[in-house]
Amino acid sequence: MQDFSQARNQVLQQIQHACDLAHRTDVAKLLAVSKTHDADTVRAMYDVGQRSFGENYLQEACHKIDELKDLEIQWHFIGHVQRNKTKLIAAHFSWVHGVDRLIIAQRLSEQRGHELPPLNICIQVNIDAQDSKDGCAPEDVIAMVEKIQQLPHIQLRGLMVIPAPNHTQAFFDAQALFKKVALAYPTLQSWDTLSMGMSGDLLPAIQAGSTLVRIGTALFGARDYSQDR
């Protein structure tokens, strides 16, 4: 059986080391990406101290969320958000990292239950113009922020990027864009999250200012994609 405590501690040490190398006084947060891993595995990781988990297969995630509703988990939806999925996402998650169109933010706002706290949103940006990646263009971010911040039941938190492999400069471009928004909207106090970096590029992401890293393989091991989701 995998030692989740050891795996998590090793990742936390890597995060701390990266922050130290970058002379940062803050420490990037750890989001455990639990997609394709079952509820028992999530519970085991929760038992060793992890509280934030990321999913991007919606039906699978909803089953896990219902099964683990006795736990105080902060659930993040990190996949591309399609229009026909906004209702379930708005009802089940605390965070959404894949908003790249205004219509998606509007639907999430409309469908967020009034009894729930505001839904935390990160705008997904195609920071290095990859044909295979979702995300809005960097030059469209300011206009999106202007409109999304006015929506009820939404709390705009920051940006999410997935650069091409080994494209370290893209992390610094994302940081510059993040700061540009902060300067343009100094009253947007919730603007505090730069979601970037995964198991293979944690170090350069943190050196470029990531405040939240999305880690799956280094925590849980290889994923099983054998079943359709």
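The values are calculated or read from the model by the stated rules, or taken from the named source; none is laboratory data. Note that this is a predicted model, so its numbers are computed, not measured. Cβ: placed from backbone, ideal geometry, glycine included. Neighbour counts: every protein chain shown.
Below, the figures for the structure above:
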{"quantity": "Hits in region 1-18 - residues which are surrounded by fewer than 18 Cβ atoms within 10 Å (Cβ to Cβ) and either modelled with pLDDT of 95 or more or in a strand (DSSP E or B) (or both)", "calculated": "Ser5, Gln6, Asn9, Gln10, Leu12, Gln13, Gln16, His17"}
{"quantity": "Matching residues, region 58-85, being surrounded by fewer than 17 Cβ atoms within 10 Å (Cβ to Cβ), assigned to a loop (DSSP other than H, G, I, E, B) and within 17 Å of the chain's Cα centre (by Cα)", "calculated": "His80, Gln82"}
{"quantity": "Selected residue [loosely packed, with under 13 Cβ neighbours inside 10 Å, over 11 Å from Leu219 (Cβ atoms) and among the β-branched types (Val, Ile, Thr)] from Thr36, Thr25", "calculated": "Thr25"}
{"quantity": "The lone exception for Lys64 - which of (1) free of Cβ contacts under 8 Å to residues at least 40 places away in the same chain; (2) within 30 Å of Lys147 (Cα to Cα) it fails", "calculated": "(2)"}
{"quantity": "Selection count, region 43-60, where residues are in contact with a Lys or Arg (Cβ under 6 Å, 6 or more places away or on another chain) and on the phi > 0 side of the Ramachandran plot", "calculated": "0"}
